[in-house]
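This report refers to the structure that appears directly beneath it.
What follows draws every value from the coordinates through simple rules; no lab data is involved. The structure displayed is predicted, hence computed values, not measured ones. Cβ placement follows ideal geometry from the backbone for every residue including glycine, while neighbour counts extend to all protein chains displayed.
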Amino acid sequence: MSPSRREFLWTMGAAAATVALKGAQDVFWESDESLDVGWVPGIEERRNSACLICPSRCGISGRLVDGRLVRINGNPLHPLSRGGLCPRGVAGVQMLYHPERLAGPMLRAGPRGGGQWETVTREHAISRVADRLGELRAAGRPETLALLAGYNAGTIQDIWRQFLHSFGSPNYVADEYEDGTDAVMALMHGIDRRPSYDLDRARLVLSFGAPMFESWWSPLQAFVAFASPGDEAESGPRFVQIDTRFSRTASRAHEWVGVRPGTHAVLALGIAYVLIRDELFDADFVARHVSGFEDFVDAQGQPREGYRSLVMRNYRTEEVSAITGVPVARITSLARAFAAVRPSVAVCGTDVTFAPNGLLAGLAVHSINVLMGSINRPGGVLFPEDTPIRPLATPVLDETARAGVGREPIGAGGSTFASGDPALRFAEAVAGAQAPVEALLLYYANPIASSAQPEVWREALEKIPFVVSFSPFLDETTRYADVILPDLLPYERWQDAPTPFSYPYPVWGLAQPLVEPRQGAWHTGDVVLALAQSLGGNVAESLPYESFEGLLKERARGLFAVRRGMTLGGEFERTHHRQMEERGWWLPEHAEFEPFWEELVERGGWTDQFYDHTDPYRLARTDSGRIELMPAALFNALAEQGSALRPYLDVATPTAEGSREFGLRLIPYRVSTLASGTLSLERWLAEQPGIFPDVLWHPWVEVAPETAHTLGFSDDTLVWVVSPQGRYRARLKVFPGTAPETVCAPYGLRQPDGQPANPLQLLDGSNDPLTGLPSWSSTFVRLERV
Amino acid sequence: MARWGMVIDLDRCTGCAACEVACKSENNVAAVSADQADMGRASSWMKVMAHVEGEFPDTTMHFYPRPCMHCDNPPCIRVCPVQATYIDDEGIVGQIYARCIGCRYCANACPYMVKYFNWYGPEWSESERQHLNPDVSVRPTGVIEKCTFCHHRLQKAREDARADGRELREEDYQPACADVCPTNAIAFGDLDNPSHAVHSLKADPRVLRLMEDLGTQPKVYYLRPRE
């Protein structure tokens, strides 16, 4: 056996010491004993990778000592995070070495949910799954296989989709965080993707309920922009937060504008009113690129009011002020600043779109970007190109697969413009026995903890005879599984980390194994490939890859061939590359693919910092080639539904009042440390969940001092939060930043015993019929002393 | 001789608490169970404190990341009967665990409440031991622990600089909190060295030190928020 590196160094050290002390008579460390003190200096190493915990997917740099991951730092070369990191990223070491990690593949031994498991080899577990899936295919029922995926990005998503497709199942069910902004962009621009914001170059950011410093698409992107010097001429953007809740983002933005719940969009149109009235908007841009601004005649020959008339007639500042509670002078000054401090951009968040008419509200907010021409321009809303990685092999479909994928996906339909909550619809269909599902795969999804309706999920799971989970932890939903094939953790596996939607430049981050993978766990990507191989036939042909790592390398050949972009590099290199590309130049740094790949792995990814602002295809892809303020598709859908909703008129949440029984409005929100309810809690994060230094571990709710006083509660009272739909226990915190008569409830916390404390389970179930997204702030609750 | 200090810009701090978790990770600060945390026994060498003023909707909130102030005139060392807590030549206030008898006088004397008592030995499961930082010792039961400005990083940086035959540079020695901060709110360096950012930052008119009137002469400065 060859000596390990440490042994080698020790030998070197001992030799050097012997040489140095040659001739000395009493060399007391000559004996072996003195070396055997139980402590040895470790071999230190730093390696770049990508954080896969949240959709931001920042660059990380692991500090390894003797092969153990002891610290996670930021990777300064990553263009988005630039060396910064959030607490969740830092606490990743506690996830990696979590004592509750599953040791290896397991089969259910007793009754379902009974907690009895049999440990098996991974070959055994995988053949069990392959046999079962093979039976489904052989019986001609491939469509009864479904996947519930909580992580939907990059190559892992691509191969899951390819696997299901070639298998013959249309049931790829995404269980993820939607915000409805993709529907807004699809309607107005004909571009069906979420908007990206050029925060780095914006000078004013008007955030309508987007939790930019907390649980946004990428808080790090906002942090980096926020961190630019604030008092110099060429400074970073000024952040204005328009929010109902005095959130952490609101408190740290340069300005906070408090609005009544559900009236964000009214304020946006109030700003539009001032922009039009004072002729501050970009008339040239509107004339050249926008339709629906002036009155028009629709396809049916009916005259219709355009945007200008609607806004001028309905959103006089006094009226807007009465609805939103924002003083007239403040509305005017916001509008003037939005026009004067260019480039400026309005960001639309979930507080706007998670409402009964959230889509119309989202359109209204985005319309002020259109008015100012803040589209496809530096500092505005951008639509980046996809990262040019190689596509997967063309899927091969046989008869069975063709018949299967031709079927209606379970729980499909949903809403006209967005998928809403497809996971819940899927569960409802299964629980209601409308659609048979014979096998369910769970990939980073834990709906029993995270769903608004865990009961529906429990019923659905009982109806599914075969459930496979890939979770590394025995979470609430995994307990119902028949087979568990625990995945590796992000620090042990190869995976690509594509750009978050909010970031306007393509980044292809690369997560690589920093530590030796734990015995027993297996990369789910490799499991999918192995499953495909053992199923054989067209499924194997559709995924002809030996390993997930090899597949990633294959895909990176697309980046090498595209003749633009760069492996991650510092500020100077990024600027240099961008400026070259702006002038039409690109210099190859590697003649061969292998050194390119090695550098890509070493630096942690690839990026292209160039954006073509002159490309009209990135402005609008509608039939007319213009940005449609009055999208025909929307009017048609509303007419079809017989809906009385009117764009730019019905943008506020109908003002509901609490009843005598349930008098407090519930405002759920995500906390940055635990943006989803699916992860096992890291202990360091449990010790600092929010802004209250004395609330450790426990779920809490915030109420205003006078509300607490009226109810007779004091700080730290243990209360039940009760709605007609359910209740949960939480600690009451008196917080002066909370609006009276509201209860702000963080989402994603657990009781110290691990039970979820989920405010979403109290929601009244109302949603936006156009997008299917839930309404988060229309539920009323009461508080009871425990 | 360097005089190490920190300047924290309250306008830049968003209260994300990355510093807090990075500190725990760097210095092997163990989490305690929920019921012990309820008794105030959780340790957090760096703690982000929120300061809220006003009533809704005219509320303001600022976050004060609070490490040890590394006072030039530290009240903690005056009361220590065994000289377990001390200030070194470069102004770093340290704690010698082997000497500490756990009387907790220093914890009571510290006006900033930055000294934490180990009611138990650290609770690390077998798997969690693997992420312990080998550069920092874990503390036994019955001693006080505190922020050290990541002193182990200074030692290491010095050795590296000496090995390279050069002077210690500003970026060579940064504590974990300053290192991780995503908004660059925390600046760290030699307060007496004009080439270090903290030297000029501490002369900023916005500068503020916590409870300065006690005469503790803290070396952690805050830049108060602009209105």
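Looking at segment A:664-785 alone, DSSP beta bridges between its own residues are antiparallel in about 60 percent of cases.
Between the alpha-carbon centers of segment A:691-706 and segment B:35-85, tell me the distance in whole angstrom. First find each Cα centre; the distance between them is then 18 Å. The mean count of C-beta atoms from other chains within 10 Å of the C-beta of residues in B:6-19, rounded to a whole number, is 6. For segment B:4-223, averaging the sequence separation of C-alpha pairs within contact (under 8 Å, six or more residues apart) and dividing by the residue count gives a relative contact order of 30 percent. Annotation for segment A:597-637 versus segment A:351-407: alpha-carbon center distance of 9 Å. What is the diffusion coefficient of the protein assembly as shown in µm²/s, taking the Kirkwood radius over Cα pairs and the Stokes-Einstein relation at 37 °C with a viscosity of 0.692 mPa s? Translational diffusion coefficient: 108 µm²/s. For segment B:92-107, 3J(HN,Hα) computed residue by residue from phi via the Karplus equation (6.51, -1.76, 1.60; θ = phi - 60°) reads 8, 8, x, 9, 9, 5, 5, 8, 5, 9, x, 6, 6, 4, 5, 4 Hz, glycine and proline entered as x. Direction-averaged projected area, Cα convex hull, chain B: 14.3 nm², rounded to one decimal. For A:V341 and A:E657, the difference between the fully extended length at 0.36 nm per residue and the C-alpha to C-alpha distance is 109.9 nm. The largest-to-smallest principal axis extents of the Cα set in segment B:136-227 are 44, 41, 28 Å. Rounded is the label for segment A:170-292, because the ratio a/c of its alpha-carbon gyration tensor axes (a ≥ b ≥ c) stays below 1.5. The spacing between segment A:709-785 and segment A:429-478, judged by their C-alpha centroids, is 25 Å. Restriction of the trypsin sites (Lys or Arg not before Pro) in segment A:466-571 to DSSP coil positions whose beta-carbon has at most 11 other beta-carbons within 10 angstrom yields A:R563. Once backbone amide H atoms are built at 1.01 Å from N, A:Y747 has A:Y669, A:R670, A:V671 as its partners under 5 Å, excluding neighbours fewer than 5 places away on the same chain. Of the residues B:V29, B:V21, B:V82, the one that moves most in a GNM of chain B with alpha-carbon contacts below 10 Å is B:V82. Compared with the dominant Cα axis of chain A, that is its longest principal axis, helix A:122-138 is turned about 50°.
Taking amide hydrogens as placed 1.01 Å from N in the peptide plane, the amide H of B:K47 sits under 5 Å from those of B:R66, each at least 5 positions away in sequence or on another chain. Segment B:179-227 gives an Rg/Rh value of 0.98, both radii derived from C-alpha positions and Rh following Kirkwood. For the pair A:R316 and B:K156, label points projected 7 Å from Cα toward Cβ lie 6.7 nm apart. Measuring nothing but how far apart in sequence close Cα pairs (under 8 Å, 6+ apart) lie, relative to its length, chain A scores a relative contact order of 18 percent. Shielding value for B:176-188 is 5, the average number of Cβ atoms from other chains within 10 Å of each residue's Cβ. Against the main long axis of the alpha-carbon atoms of chain A, helix A:548-561 sits at an angle near 60°. Judged by the mean number of other Cβ atoms found within 10 Å, the most tightly packed of the peptides A:86-99, A:336-349 leads the ranking A:86-99, A:336-349. Taking Cα centre as origin and charging only the Cβ of basic (Lys, Arg, +1) and acidic (Asp, Glu, -1) residues, the dipole magnitude of chain B rounds to 540 debye. Build a GNM of chain B with springs between Cα atoms under 10 Å: which of B:E20, B:E170, B:E126 gets the top mean-square fluctuation? Evaluated over chain B, the most mobile residue of the options is B:E126.
When you filter the GluC sites (Glu not before Pro) in segment A:539-640 for DSSP loop state and at most 15 other Cβ atoms inside 10 Å of their Cβ, you are left with A:E546, A:E589, A:E592. Taking amide H as placed 1.01 Å from N in the peptide plane, the amide H of B:M6 sits under 5 Å from that of B:V220, B:Y221, each at least 5 places away or on another chain.
Take the Cβ-Cβ distance between B:S33 and A:D278 as r, set R0 to 60 Å, and report the resulting FRET efficiency rounded to the nearest 0.05. So, using R0 = 60 Å, E works out to roughly 0.50. What residue among B:A161, B:A18, B:A197 shows peak mean-square fluctuation when chain B is described by a Gaussian network model with Cα springs under 10 Å? It is B:A161.
A simple rule links phi to the HN-Hα coupling: the Karplus curve 6.51 cos²θ - 1.76 cosθ + 1.60 with θ = phi - 60°, which for segment A:485-496 gives 10, x, 6, 6, 7, x, 8, 10, 9, 7, 6, 8 Hz, with x for Gly and Pro.
Across peptide A:254-261, how many C-beta atoms of other chains are within 10 Å of each residue C-beta, on average? Mean partner-chain Cβ count within 10 Å for A:254-261: 2. With a ≥ b ≥ c the root eigenvalues of the C-alpha gyration tensor of segment A:421-486, is it rounded (a/c under 1.5), prolate (a/b larger than b/c) or oblate? Taking the square roots of the gyration eigenvalues as a ≥ b ≥ c, segment A:421-486 is oblate. In a reduced charge model with +1 at each Lys and Arg Cβ and -1 at each Asp and Glu Cβ, the protein assembly as shown shows a dipole moment near 1000 debye about its Cα centre. Beta bridges assigned by DSSP with both partners in the protein assembly as shown are antiparallel in approximately 60 percent of cases. In order along segment A:289-305, the phi-based Karplus estimate (6.51 cos²θ - 1.76 cosθ + 1.60, θ = phi - 60°) of 3J(HN,Hα) comes to 10, 10, 10, x, 6, 8, 4, 8, 10, 7, 4, 8, x, 8, x, 10, 6 Hz; Gly and Pro are listed as x. Other residues whose C-beta falls under 13 angstrom from the C-beta of A:R578 contribute a net charge of -4, scoring Lys and Arg +1 and Asp and Glu -1.
Shape class of segment A:664-785 from the Cα gyration tensor (axes a ≥ b ≥ c, square roots of the eigenvalues): oblate, since a/c reaches 1.5 or more and a/b does not exceed b/c.
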